[in-house]
Amino acid sequence: MAIIDAKAGGHRYPIVIGTDCGDRLRTLVRRHLEGGRLFVLYDAQFFALHGRNMQRILGAAASRDRELVIPVGETAKSASTLAGVYDFLLDARISRDDLILACGGGVTTDLAGYAAATALRGVRWAVVPTTLLGMVDAAIGGKTGINHPKGKNLIGVFCQPEFVHCDLQYLRTLDRRHMVAGLGEVIKYAGLCGNRSRPHGMLDTLERMSISGDFYDLKKLSCLVQASVTYKVMIVERDERDLGVRIRLNYGHTFAHAVEQSLGYGHLLHGEAVILGVIAALNLGKSYGFISRGLARYQAIAESFVRFLPKRTLRPEAIRAAMAIDKKRSNGQTRFVLIERLGRPILSDNVDRRLIDSALADMVVCYSESGGRDASNPRR
Ligand SMILES: NC(=O)c1ccc[n+]([C@@H]2O[C@H](COP(=O)([O-])OP(=O)(O)OC[C@H]3O[C@@H](n4cnc5c(N)ncnc54)[C@H](O)[C@@H]3O)[C@@H](O)[C@H]2O)c1
Ligand SMILES: [Zn+2]
């Protein structure tokens, strides 16, 4: 078990990463209850699979009257679901001495965190992320929020939790597509922090995972989650409010968002699109002369994951149009995070359109040639 110490917004808290570490969760909950009551918000799918186990772990701290199951899927991150959460909390007369525990993927933890931050102007909360993407990204860094009909994540606040408890055993039941999507963000971190991460290099671990096609090896996952969380925590400590270095975490995302938008949301999972975004960003970096053995290996590893993505038809024209809209929204600036050397990200503004087009075209070729070969469980 590893414990990573996070500091943000003048608040310090532990992020626990382990396997079958329910005892630790029970202790953390007891310690943070401080005489208050526990409210648990569950993702519906997670509740169906692991609810009983969680109730057993939480023991007397939990009560059926103080648990709420949140519907599955991105549409649950809405004002109407949030209104239901407020009703539930206020009907049970939640007080500021109480603790809200969010158990689920990024949808549940973003929503629950926002409800906690805003109910009674702030109730303490803690997170049990249950998806890989939740563990390496959504539960880390204190961003909470909901979607608005005008766009994703447009309503929200920063609110750091009391603790984050990542129990890798829950990943055993996560479907393969969501595992690959979580690995998309992990691949992003691998480029940002290079192969220096401990206990094992991220690239080595990702490479072995891709070769075996086994994404459920908890030892390997533990290395990857620890390294990813360590990197994100380091960035968030320096820039909690996303005004400076936190932009690095958007590596591959300018392309990824445009890919998602060009297909219509939901056709590729966000993390799946991030794999393609990282490949396009690496192509773009090459035209700046960012070429090295390390980067070539990194690119080969990122590309080896493309075969685990479901097959979709990418239209470069539509991706370019989506990027143009994005550029307008951000005052005419498209900012790219590029990787100069493994572990050395830089920012690049005013990138020549032709370079972007060619980076995109090469990524589309890579995807159309190898995407979908080993992909399983396609949703559409
Ligand atoms: N706050 C942040 O900094 C941040 C960062 C990245 C992403 N996000 C948000 O996170 C969301 C995506 O998160 P996600 O990918 O975890 O999606 P998700 O929460 O929709 O979970 C994915 C699927 O896995 C299921 N599930 C959850 N745990 C499971 C388990 N242990 N076993 C089996 N199934 C399980 C869920 O029911 C769901 O169907 C998006 O809304 C995104 O905006 C937030
Ligand atoms: Zn992302």
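Computed from the coordinates by the stated procedures, all read-outs in this text should not be read as laboratory data. Please read these numbers as outputs of a predicted model, since none were measured by experiment. When we count neighbours, we look across all protein chains shown, and the Cβ atoms used for this are built from the backbone with ideal geometry, even at glycine.
Quick notes on this structure:
- Computed [θ] at 222 nm, deg cm²/dmol, the chain (DSSP H ≥ 4; -39,500 (n - 2.57); rounded to nearest 500): -15000 deg cm²/dmol
- The angle between the Cα long axis of helix 106-118 and the longest principal axis of the Cα atoms of the chain comes to about 50 degrees, rounded to the nearest 10.
- Around the amide H of Gly194, modelled in the peptide plane, lie the amide H atoms of Gly343, all under 5 Å away and 5 or more residues distant in sequence or on another chain.
- Between Ala139 and any residue 5 or more places off or on another chain, the built amide H atoms are never under 5 Å apart.
- Phi-derived couplings, Karplus 6.51 cos²θ - 1.76 cosθ + 1.60 at θ = phi - 60°, listed residue by residue for segment 134-139: x, 5, 8, 9, 4, 7 Hz, with x used for Gly and Pro.
- Burial ranking of peptide ranges 50-63, 321-334 (average Cβ count within 10 Å, highest at the top): 50-63, 321-334
- C-alpha long axis of helix 218-238 to longest principal axis of the chain, angle in °: 90
- Point-charge dipole on Cβ atoms (K/R +1, D/E -1) for segment 286-380, about Cα centre, debye to 20: 240
- Computed extension gain for Asp239 through His11, at 0.36 nm per residue and net of the alpha carbon distance, reaches 80.7 nm.
- Positive-end residue, the chain charge dipole about Cα centroid, Cβ charges, pick of Thr254, Ala83, Ile356: Ile356
- Modelled this way, with points 7 Å down the Cα-to-C-beta line, the labels at His267 and Arg176 are 2.3 nm from one another.
- Taking the DSSP bridge list for the chain and keeping only pairs wholly inside it, about 45 percent are antiparallel.
- 5 angstrom amide H check on Trp125, placed H, neighbours 5+ away: Ile100, Glu162
- Rounded Å value of the spacing that divides the Cα centres of segment 167-186 and segment 209-262: 13
- Selected from Leu120, Gly184, Gly22, residue furthest toward positive end of dipole (the chain; charges at beta carbon): Gly184
- Between helix 202-212 and the chain there is an angle of about 80 degrees, using the helix long axis and the longest principal axis of the Cα atoms.
- Extending 7 Å from Cα along the Cβ direction at Asp20 and again at Leu218 yields two label points whose distance is 0.6 nm.
- Couplings for segment 52-61, taken from phi via the Karplus curve 6.51 cos²θ - 1.76 cosθ + 1.60 with θ = phi - 60°, read 5, 4, 5, 4, 5, 4, 6, x, 5, 5 Hz in order; Gly and Pro are left as x.
- If only the Cβ of Lys and Arg carry +1 and only the Cβ of Asp and Glu carry -1, the dipole of the chain around its Cα centre is close to 320 debye.
- Whole-number percent relative contact order across segment 258-321, with pairs defined as alpha carbons under 8 Å at least 6 apart: 51
- ³J(HN,Hα) computed for each position of segment 158-174 - Karplus, 6.51 cos²θ - 1.76 cosθ + 1.60, integer Hz, glycine/proline x: 8, 7, 7, x, 7, 6, 10, 10, 9, 9, 5, 4, 5, 6, 4, 9, 6
- Hits among lysines - C-alpha to C-alpha of Lys143 under 17 Å, sequence gap 8 or more where chains match: Lys7, Lys77, Lys152, Lys232
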